[in-house]
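Data first, discussion second: the structure below is written as structure tokens.
The values are calculated or read from the model by the stated rules, or taken from the named source; none is laboratory data. Only a predicted model underlies this, so the values are computations on that prediction, with no experimental measurement involved. Here the Cβ is made from the backbone with ideal geometry for all residues, glycine too, and neighbour counts use every protein chain on show.
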Amino acid sequence: MHMLERPPVTESNLRQRARAIAQAGSLEAALVKGKIPKLVECTLSEALVLGLLKQGVRKYFAIFGHGSTDLGNVLRIYEAEGATRTVNCRNEVEMAHAATALRWQYGERAAVVTSIGPGAMQAFAGSLAAASNGVGVYHIYGDETTFGEGYNMQQVPKEEQGLFGRMTAVLGQSYVLHTPEALRDALRRGALCVNHPYRAGPFYLLLPLNTQPARLTVNLAALPVQPSLPKLAPSGDAEIERAAEMIAKAAKVAIKAGGGTRGHDAAVIRLAEAAGAAVVLSPGSTGVLPDAHSQNMHVGGSKGSISGNFAMAEAELLVVIGSRAVCQADCSGIGYKSAQAVININGDLADALHYNKTVALVGDIGAVAERLAAKLEGIKVTSKKRAWLAACADKKGEWADYKRIRFECPPLRDEAWQKPVLTQPAAIKVVADYAKQIGAAKFFDAGDVQANGFQIVEDNRTGDTFTETGASYMGFAVSALLGSALADHPRYGVAFTGDGSFMMNPQVLIDAVQNGVRGMIVIFDNRRMAAITGLQVAQYNNDFRTNDRVAVDYVQLAAAVTGVHAMFGGENAESLRWALKSAHTHEGLSVVHVPVYSGPDERGGLGAWGQWNVGNWCDDVQDAWIKQDL
Ligand SMILES: Cc1ncc(C[n+]2csc(CCOP(=O)(O)OP(=O)(O)O)c2C)c(N)n1
Ligand SMILES: [Mg+2]
């Protein structure tokens with residue numbers, strides 16, 4: 001039958017289906033109970049919503065436009081019947097971050113819906129955070145019509161087809177729903193992409209304006225569920241034995257625990273203890289080992305720490321776990337100056353083989369690390385590592401002393417503020433301690449706030465800090481609070497942000513109130529984009545266009561939004577603690593504005609301990625990189 005001859009789909013058809021699903025508890029249950037037939041005559045927009053429900057996606061962050069009115073109408077009806085939930089936002093970058101955070105923090109699947117063109121491009125930009133941190137999120141964008149009757153407003157103005165599909169395919173995986181029946185294939189690919197065990201990322205569904213309302217017969221039984229995959233590990237024992245022998249022989253072993261180790265805390269601890277290895281954390285893996293664990297050397301890399309970078313530089317055997325060797329984490333490839341060999345545990349072949357001289361233990365981190373740990377426990381290798389771990393412990397003590405001096409630093413006189421104000425490390429420490437005390441999740445925005453943040457946090461497990469170091473997207477932290485708006489069991493969150501980052505996504509103030517988010521934004525205001533000032537001064541002895549002359553009263557700005565409780569944090573630790581307490585009593589979103597110092601006093605920062613291939617450091621870094629064999 002030609003699609004124009006299909007029977008009309010009425011609102012009451014949609015309502016019945018949505019109600020049946022809501023009452024049964026899930027699409028699967030409704031199918032099993034016969035409350036909904038497996039063959040359904042509907043529009044592509046509704047089929048997409050049904051298909052996503054089958055994968056457990058029932059939450060949407062949306063900014064609708066002419067490119068998504070048909071899908072919006074389906075979501076209206078499905079929400080009224082209790083089958084889906086949609087939150088409307090005020091900025092597409094913000095909502096992309098919120099969806100990323102919902103998946104990252106709570107493991108809950110979500111989709112982002114935009115119009116065609118500018119809205120889609122903004123969400124696409126925001127999806128870099130999902131791509132960089134391996135977080136699976138569906139992005140649904142309006143797209144040009146498939147008839148090609150003429151330019152659609154907001155499409156890419158070129159005589160070429162499928163350009164949005166091509167653009168998005170560069171960053172993640174993408175599917176243009178040119179034909180309604182292609183949905184089954186699109187969702188099969190999407191299910192693997194957003195649920196990939198070690199390389200999840202954004203999946204873009206391009207939804208042409210004219211195929212959204214096009215009708216089809218969809219077989220609900222044939223739409224894919226989320227994949228269930230076994231944990232993979234090497235089949236034989238040969239590589240595990242070889243790795244165990246290498247660890248047994250080496251006197252100085254360091255584990256680099258990358259972002260992939262998040263959630264594998266127990267396996268990493270067991271392996272570290274069985275191997276007698278010093279563990280160096282990445283910015284995104286703080287907490288994998290409890291902060292006070294004697295083998296936890298803290299973060300290492302181009303920012304790093306005294307102890308983390310010491311362990312990286314001195315280790316003769318490197319065990320990399322769940323790391324893709326980002327420049328920040330491995331000092332642009334020259335962080336392991338003494339390493340003679342590498343054992344690399346990763347599910348991804350390319351990541352596992354990133355360094356030379358590698359024994360690649362390809363597979364699930366938990367499964368592989370447990371096997372290697374069991375082997376090492378059998379041969380007892382740790383006595384040989386005592387001197388090494390003692391040297392590392394000394395460095396950890398040095399780092400603790402260094403930090404303490406900065407945490408106890410009194411307010412310093414600041415040029416922009418014309419008075420003594422807290423240093424950023426001292427202020428972040430106060431807020432991080434408070435977040436721990438109240439059991440809140442911490443989110444860190446880009447810049448010095450982020451770098452100081454991962455140097456400061458003292459987590460005892462993963463899942464207490466979310467620092468988007470993959471893309472370091474300014475505005476991520478404040479936007480991430482909005483993820484909790486759709487969480488089944490929301491946790492109180494504290495977003496640590498700079499004045500620069502906050503102004504990237506201030507619309508979250510309105511969205512958070514609108515959607516009942518409970519949490520706090522702390523703005524560390526140094527009246528500049530200090531992370532970049534710092535780099536400029538370190539490299540070229542001069543700062544350039546990274547500050548401003550405009551004082552902003554963030555208390556007044558935030559308080560202008562009905563429902564936001566805004567507080568001034570004051571100029572010392574005591575007043576800041578008081579403000580945090582008051583902020584936390586509010587049953588909604590609070591904002592605390594803290595002026596912080598920026599200037600030459602070295603106690604104003606936590607230092608940089610590694611190397612980085614940027615600016616006028618490139619010659620040195622690249623020279624060292626060419627000469628080393630790893
Ligand atoms: C969207 C975006 N634009 C630009 C950058 C580059 N960048 C990284 S940090 C930073 C400055 C951050 O300033 P602020 O939030 O005030 O934090 P501070 O360093 O002052 O503590 C900039 C511009 C980025 N990471 N993200
Ligand atoms: Mg700043």
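What the table below lists for this structure:
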{"quantity": "Qualifying residue in the stretch 522-542 (condition: under 24 Å from residue 433 (Cα atoms), more than 15 Å from ligand 2 (Cβ to nearest atom) and touching a residue at least 24 places away in the same chain (Cβ under 8 Å))", "calculated": "no"}
{"quantity": "Meets criteria (part of a helix (DSSP H, G or I) and of a type in the set (Ser, Thr, Tyr)) for residue 473", "calculated": "no"}
{"quantity": "Criterion: surrounded by fewer than 18 Cβ atoms within 10 Å (Cβ to Cβ), modelled with pLDDT of 95 or more and of a type in the set (A, V, I, L, M, F, W, C) - qualifying residue of 74, 32", "calculated": "32"}
{"quantity": "Test result for residue 237, among the charged types (D, E, K, R), more than 25 Å from residue 37 (Cβ to Cβ) and surrounded by fewer than 14 Cβ atoms within 10 Å (Cβ to Cβ)", "calculated": "yes"}
{"quantity": "Some residue of the stretch 484-497 being on the phi < 0 side of the Ramachandran plot and near ligand 1 (Cβ under 10 Å from one of its atoms)", "calculated": "yes"}
{"quantity": "Selection status of residue 191, buried (at least 16 other Cβ atoms within 10 Å of the Cβ) and in contact with a Gly (Cβ under 8 Å, 6 or more places away or on another chain)", "calculated": "no"}
{"quantity": "Residues of the stretch 529-539 that turn out to be more than 6 Å from ligand 1 (Cβ to nearest atom) and either at positive phi or among the aliphatic types (A, V, I, L, M) (or both), as a count", "calculated": "3"}
{"quantity": "Failed criterion for residue 408 (all others in (1) in contact (Cβ under 8 Å) with a residue 24 or more places away in the chain; (2) closer than 21 Å to residue 578 by Cβ; (3) surrounded by fewer than 24 Cβ atoms within 10 Å (Cβ to Cβ) hold)", "calculated": "(1)"}
{"quantity": "Candidates 388, 399, filtered to the one that is surrounded by 16 or more Cβ atoms within 10 Å (Cβ to Cβ), closer than 23 Å to residue 269 by Cα and within 31 Å of the chain's Cα centre (by Cα)", "calculated": "399"}
{"quantity": "Search result, residues across the stretch 277-323 that are under 19 Å from the mean Cα position of the chain (by Cα) and among the polar types (S, T, N, Q)", "calculated": "282, 285, 286, 323"}
{"quantity": "Lone qualifier among 549, 603 - being surrounded by fewer than 18 Cβ atoms within 10 Å (Cβ to Cβ) and touching a Cys at 6+ places or on another chain (Cβ under 6 Å)", "calculated": "603"}
{"quantity": "Residue in the stretch 582-625 that is farthest from residue 312 (Cα to Cα), counting only those that are without any contact (Cβ under 8 Å) to a residue 12 or more places away in the chain and of a type in the set (D, E, K, R)", "calculated": "602"}
{"quantity": "Among (1) within 13 Å of ligand 1 (Cβ to nearest atom); (2) among the aromatic types (Phe, Trp, Tyr); (3) closer than 22 Å to residue 302 by Cα, the one test that residue 466 misses", "calculated": "(1)"}
{"quantity": "Only one of 600, 595 that is in a strand (DSSP E or B) and of a type outside the set (Val, Ile, Thr)", "calculated": "595"}
{"quantity": "Residues being surrounded by fewer than 16 Cβ atoms within 10 Å (Cβ to Cβ) and under 14 Å from residue 527 (Cβ atoms) - total across the stretch 414-437", "calculated": "3"}
{"quantity": "Some residue of the stretch 402-409 being aromatic (Phe, Trp, Tyr) and within 14 Å of ligand 1 (Cβ to nearest atom)", "calculated": "no"}
{"quantity": "Residue within the stretch 187-195 that is within 29 Å of the chain's Cα centre (by Cα), in a loop (DSSP other than H, G, I, E, B) and touching a residue at least 12 places away in the same chain (Cβ under 8 Å) present", "calculated": "yes"}
{"quantity": "Tally, over the stretch 4-14, of residues that are farther than 14 Å from residue 45 by Cα and assigned to a helix (DSSP H, G or I)", "calculated": "3"}
{"quantity": "Failed item, numbered, when residue 549 is tested on (1) out of contact with any helix residue (DSSP H, G or I) (no Cβ under 9 Å at 6 or more places or on another chain); (2) more than 16 Å from ligand 2 (Cβ to nearest atom); (3) under 17 Å from residue 498 (Cα atoms)", "calculated": "(2)"}
{"quantity": "Among (1) closer than 24 Å to residue 610 by Cα; (2) within 16 Å of ligand 2 (Cβ to nearest atom) - the single one residue 421 does not satisfy", "calculated": "(1)"}
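Each row is one residue, and each column tells you yes or no for (1) out of contact with any strand residue (DSSP E or B) (no Cβ under 6 Å at 6 or more places or on another chain); (2) within 16 Å of ligand 2 (Cβ to nearest atom); (3) charged (D, E, K, R).
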site: 434; (1), (2), (3): yes, no, no
site: 440; (1), (2), (3): no, no, no
site: 453; (1), (2), (3): no, yes, no
site: 474; (1), (2), (3): yes, yes, no
site: 491; (1), (2), (3): no, no, yes
